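This report concerns only the one structure given below.
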Amino acid sequence: MQPSLPVVENVACTACGCVCDDLRLTVGGWRIVATERACPLAEPWLRAQHSAEGAAAEIEGRPVSADEALARSADLLRESCYPLVYGLSQSTTAGQQAAVALAERLGAIIDTTASVCHAPSVLAQQQVGQVTCTLGEVRNRAEVVVFWGSDPLLTHPRHWERYSVSASGRFVPRGRVDRFVVVADTTRTASADAADLFLPVEPDRHFEALHGLHALVRGALPEAGGCVGAAGTLLAELARRLQQCRCGVIFFGVGLARGAAGHVNVQALLRLVTDLNGNGRRWDAMRMRVQGNVVGADTVLAWQTGYPFAVNLARGYPRYNPNEFSVLGLLERQEVDACVLVGTETLDWLPQAALEHLRRIPTVILDPAERQTAFSPTVRFRVGTPGIDLSGTAYRMDGVPIPLRAVLPARYSSDAEILRQIERRL
Ligand code: SF4
């Protein structure tokens, strides 16, 4: 009789910001051979783990010893006058702390992947505040759930089932039956098809639609006829739903935050949610975070430097200015002269001019995956994958820290270890 393969229960997945911690994985040697409760996004990612064997360290594409790669990284960072440390959303808390320590030692700028997705939402939150909660509260209390500029069935496939729509909770025991689901977006998505109400928003008119909705909720606009950005009748129907429920939540995605007026759109949404509270109603707002631990990156930077992203440590104290110190501007303006990339999953989102600059300057990449990049890095380290062969902590999209366990034997060092060793050699 064949011995049965080990099964690991309650594994946390970091493939998206939901960080579902109820997966059941069967492990055969170095690989994950079967999964339970993994969504279509997680399943191929989990099964691909440890499928590619790459060198632990490379210099200009040549496999080298870790020692040699560490020495070269330290040399090129020592020679740099204005280095950038960027990424962090695929790291554990320990990796993120080590990246901040390295940036501090170098007097570098440190920025996270928030800069290429929810930066306008962070700015809006800092300007007008945000009423928010945990996903546990959503699961137990929310009667009306709105997704604005987000297609969760595609980007966060288990969000509905675990937290927001089908999950049964204390005050919504029948799950989906007890909830009214709204999707507001510029295109009809899979989530819109599954919702009770779809509010089509005209492209680039999120602000107008939210403003009209807010006016209807406050009674400042007695008739829906004056609304722009979306159909007045639908806005009036939505306003009525928002006012009548006892507890609701609006999740908003990068679809709302994108574009030159992204922060203004998010401000309009956050103000609406704040005003909905009172008269026996409780309303919350929450960002749909995409990358696995981008909330952890915001959190670690905020607790260590006082600011969540785009922080300049060159003067020995932190300075925050997203317009000046975000990865996009720094690379496009060709200001930085070396770059440490901790994770490369968002490099495809950078504009061509930024990638061109990365081709010109020395780069050190630390990445759990064997990803192709648009430029050849000077030094590349292959590092462990959080929650697969590396334990630690990741933050869920609502800011709740979730412990990660290693389910496979480690083949590579952690990014925290590599970053600390570079720092020691400076
Ligand atoms: S919803 Fe996200 S965290 Fe949950 S299993 Fe799917 S990819 Fe993983």
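The values are calculated or read from the model by the stated rules, or taken from the named source; none is laboratory data. Note that the structure is a prediction, hence the values are computed from the model and not measured. Note: ideal-geometry Cβ built from the backbone for every residue, glycine included; neighbour counts use all protein chains shown. These area figures cover heavy atoms from the full protein model, side chains too; ligands, DNA and RNA do not enter into them. Shrake-Rupley method; radii C 1.70, N 1.55, O 1.52, S 1.80 Å.
Key figures for this structure:
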{"item": "The chain, accessible surface, carbon-and-sulfur percent (1.4 angstrom probe)", "result": "49"}
{"item": "Size of electric dipole in the chain: Cβ of Lys, Arg +1 and of Asp, Glu -1, about Cα centre, debye, nearest 20", "result": "900"}
{"item": "Most to least packed among 28-40, 371-383 [average Cβ atoms within 10 Å]", "result": "371-383, 28-40"}
{"item": "Theoretical FRET efficiency, 1/(1+(r/R0)^6), r = Cβ-Cβ of residue 176 and residue 154, R0 30 Å, to 0.05", "result": "0.95"}
{"item": "Stokes-Einstein translational diffusion, the stretch 289-375 - Kirkwood Rh over all Cα pairs, 1.306 mPa s, 10 °C, in µm²/s", "result": "113"}
{"item": "Cα long-axis angle, helix 66-79 against the chain (0 to 90 degrees, to the nearest 10)", "result": "70"}
{"item": "Helix 232-244 vs. the chain, principal-axis angle (Cα, 0 to 90°, nearest 10)", "result": "90"}
{"item": "Förster radius 35 Å - calculated FRET efficiency between residue 323 and residue 220, Cβ distance, rounded to 0.05", "result": "0.60"}
{"item": "nm² value of the averaged projected area, convex hull over the Cα atoms of the stretch 114-160", "result": "4.3"}
{"item": "Shape call, the chain: gyration tensor on alpha carbons, a/c limit 1.5", "result": "oblate"}
{"item": "Span from the the stretch 74-105 Cα centroid across to the the stretch 1-65 one, whole angstrom", "result": "26"}
{"item": "Under the Karplus curve 6.51 cos²θ - 1.76 cosθ + 1.60, θ = phi - 60°, whole-Hz ³J(HN,Hα) for the stretch 167-184, x wherever Gly or Pro sits", "result": "5, 8, x, 4, 9, 10, x, 9, x, 4, 5, 7, 10, 10, 10, 10, 10, 10"}
{"item": "Gain in span if fully extended, residue 65 to residue 36, counting 0.36 nm per residue against the direct Cα distance", "result": "6.6 nm"}
{"item": "Burial ranking of peptide ranges 106-113, 328-335 (average Cβ count within 10 Å, highest at the top)", "result": "106-113, 328-335"}
{"item": "For the chain, calculated [θ]222 nm from helices alone, where every DSSP H run of n ≥ 4 adds -39500 (n - 2.57)", "result": "-10000 deg cm²/dmol"}
{"item": "Longest to shortest principal axis, alpha-carbon extents of the stretch 1-118, angstrom", "result": "61, 37, 20"}
{"item": "Share antiparallel - DSSP beta bridges, the stretch 188-310, percent rounded to 5", "result": "25"}
{"item": "Residues of the chain: accessible area per residue with a 1.4 Å probe, Å²", "result": "41"}
{"item": "³J(HN,Hα) computed for each position of the stretch 340-355 - Karplus, 6.51 cos²θ - 1.76 cosθ + 1.60, integer Hz, glycine/proline x", "result": "9, 9, 9, x, 10, 5, 10, 4, 5, 8, 7, x, 4, 4, 5, 5"}
{"item": "Per residue, the convex hull volume that the Cα atoms of the stretch 324-368 enclose (Å³)", "result": "68"}
{"item": "Test item: Cα-centred dipole of the stretch 302-426, Lys/Arg +1 and Asp/Glu -1 on Cβ, debye", "result": "340"}
{"item": "Orientation-averaged projected area, Cα convex hull of the stretch 157-235 (nm²)", "result": "6.1"}
{"item": "0 to 90° range, to nearest 10: angle between helix 119-128 axis and the chain longest Cα axis", "result": "50"}
{"item": "Sorted peptide list for 127-133, 385-391, 277-283, 203-209, criterion being average Cβ within 10 angstrom, highest first", "result": "385-391, 203-209, 127-133, 277-283"}
{"item": "Most fluctuating residue given options 236, 194, 57, as computed from a GNM of the chain linking Cα atoms under 10 Å", "result": "194"}
{"item": "Sites residue 360 and residue 78 - FRET efficiency at Förster radius 22 Å, r taken between beta-carbons, to 0.05", "result": "0.70"}
{"item": "Percent of beta bridges antiparallel (DSSP, the chain, rounded to nearest 5)", "result": "40"}
{"item": "Projected label distance in nm at residue 281 and residue 51, using a 7 Å step from Cα toward the beta-carbon", "result": "4.8"}
